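The values are calculated or read from the model by the stated rules, or taken from the named source; none is laboratory data. A quick note: this is a predicted structure, and the numbers were derived from the prediction, not measured. When we count neighbours, we look across all protein chains shown, and the Cβ atoms used for this are built from the backbone with ideal geometry, even at glycine.
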Amino acid sequence: MKNICAALWVALFLMVSSAAAVADDVTLKSRDGAIELSGTLLGFDGQFYRVQTEYGELTVDGSGVRCEGPGCPSLIDFVADISISGSSTIGDVLMPALVEGFALQNNLKSQRIPHDDTRFTYEVTSHETGKLVARFQFRVSSTDEGFADLLANEADLVMALREIRPGELALAKEAGLGTLDDVNRSRVLALDAMTVIVSPTNPVSALSVSDLARILSGDIDNWRSLGGPDAPISVHMRDAQSGIAQAVEDRILRRANVSLIDTVQRHTTNLALAQAVTKDRLSLGIASFSEVGNSKALALTGTCEFSLRANRLTIKTEDYPLTAPMFLYIPARRLPKLARDFLAYTRSAPAQIITRRAGFVDQAPEEISLNIQGDRLANAVRVAEGDSGIASLKRMVETLSPLRRLSTSFRFEPGQTRLDAQSRSNVQQLAQAMEAGVYDGRQLVFVGFSDGDGPALANLRIARDRAQAVKLAVEGAVEASNLSQVTLSTDAFGEAMPMACDDTSWGRQVNRRVEVWVR
């Protein structure tokens, strides 16, 4: 019995000793040897060690310590591994093009290695030494799968064609990934739009967002109701897991408080969707602006006869109400330096050129003179009523005529004072341009506009407050620049220049905006 007990104690001692050896797989010592820290290595980004210690999880600067133990990574041959998962619309063309552009700009060589239909890797090597410095590992599927991979710790970055949903947001926060809808946790890579398409032979040329919601819910099921032939409407959409289809659910169906009809025809790719609609004269689909193919895109209109059509400029300014930003979500953990450099590159001028060449709408600010904005001015003249309306219109034209409008605009979430996702990204983009000296010696005027719902004076006050809020947000985002080189001011014209009809929530949201004008 004593021998058995002794054997058990020995076995227990060996198990504890073995566990301790595994737990203390690295020891970090300061250069002078005065401080020593042991624990389990959780990660290394080429600069910082992330270690689980008896004091909790700690991040330690590698330049100030020596690493000893079996778990220590190689400082000389460190390779940055970046896992990227999510939307195929982003992952098939845009992200690979950005990785290749980033490599070229940094004197690195990139090589694409395919694995299967959904997985490929970019190996990035040094031109000088030939050593591997990074691996960008892609899994291209859907926005849903991207967020699932992030939550399973199988992805560092998520490519998404829609905003993160509340359930995903809560799970990510619970998993320690941070608040993923914060400004530093997501960025807009490029801009797209939900575009209503029909066959080129279909006589209908415009549609209201309200009627679109009624078609998708089955309330309108015949083209005769829209001025077309007496024939049923066949609805086509992307597969239910795709970001563009989920954006339709989040931003059109839910806001109209309706559900999608069961008879909708689904397609696994944007190309298949566009081809099916093009061939069927009685069909209607919602496609990505970048991939409408040979189909006909409908303008969005309303009872007030304002009309908006998706094009590069109306998408960039967010004047088109169904814009669809293309997101990259970033968890709250330290990424390798090369990954952080890549993220910074995605906002650079060369990256915006690559975005345009890939067929998407970039975010580089453009200047637009008042004279070429005829439709907007026509809308302003149409709604001007009485002496006060005409006086407001006159003041607006006199104020803005010497200026040029930037394509960078700002809008707010429905019923909220918080900027929407695209506008939060625009804050960072404009701040970066100011830091680069693009607007040195110039004047930027943040101009507020409102919808026409309510008293004109109250709307003017709200528009002025929003303009001031955006100005403060941009000033707060400028980190490395002397703002004295740029003159920033605000103005407001309330409901003087509507972009859409005020008879729907979508139209009112388009009209509630802050524009940037530059002298």
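Cβ-Cβ distances below 8 Å connect the following pairs, each with a first residue in the stretch 486-499 that is within 14 Å of Arg442 (Cα to Cα), a second residue that is part of a loop (DSSP other than H, G, I, E, B), and a separation of six or more residues or different chains: Val486/Tyr439; Val486/Asp440; Val486/Gly441; Val486/Arg442; Thr487/Arg442.
Conditions tested, residue by residue: (1) of a type in the set (Gly, Ala, Ser); (2) surrounded by fewer than 24 Cβ atoms within 10 Å (Cβ to Cβ); (3) touching a Phe, Trp or Tyr at 6+ places or on another chain (Cβ under 8 Å).
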residue: Leu273; (1), (2), (3): no, no, no
residue: Lys279; (1), (2), (3): no, yes, no
residue: Ser283; (1), (2), (3): yes, yes, no
residue: Asn294; (1), (2), (3): no, yes, no
residue: Leu298; (1), (2), (3): no, yes, no
residue: Tyr320; (1), (2), (3): no, no, no
residue: Phe327; (1), (2), (3): no, no, no
residue: Ala339; (1), (2), (3): yes, yes, no
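So which of Ala148, Ala134, Ala155, Ala160 is farther than 27 Å from Gln422 by Cβ and buried (at least 17 other Cβ atoms within 10 Å of the Cβ)? Result: Ala134 is the single residue among Ala148, Ala134, Ala155, Ala160 that is farther than 27 Å from Gln422 by Cβ and buried (at least 17 other Cβ atoms within 10 Å of the Cβ). Within the stretch 394-418, being among the hydrophobic types (A, V, I, L, M, F, W, C), in contact with a strand residue (DSSP E or B) (Cβ under 7 Å, 6 or more places away or on another chain) and within 18 Å of Gly494 (Cα to Cα) holds for Met396, Leu400, Phe410, Phe412. The helices (runs of 4 or more DSSP H) found entirely in the stretch 345-416 that carry 2 or more residues being modelled with pLDDT of 70 or more, surrounded by fewer than 16 Cβ atoms within 10 Å (Cβ to Cβ) and not aromatic (Phe, Trp, Tyr) are 349-357, 386-400.
Here is a yes/no grid of residues against (1) assigned to a helix (DSSP H, G or I); (2) in contact with a Gly (Cβ under 6 Å, 6 or more places away or on another chain); (3) of a type outside the set (Ser, Thr, Tyr):
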position: Gly146; (1), (2), (3): yes, yes, yes
position: Leu150; (1), (2), (3): yes, no, yes
position: Ala155; (1), (2), (3): no, no, yes
position: Leu180; (1), (2), (3): no, no, yes
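Of all the residues in the stretch 168-220, those that are closer than 21 Å to Ala421 by Cα, touching a residue at least 60 places away in the same chain (Cβ under 8 Å) and small (Gly, Ala, Ser) number 5. Between Val438, Val447, the distinction of being within 15 Å of Val516 (Cα to Cα), of a type in the set (A, V, I, L, M), in the same structural domain as Val514 (by TED's automatic domain parsing) and buried (at least 21 other Cβ atoms within 10 Å of the Cβ) belongs to Val447 only.
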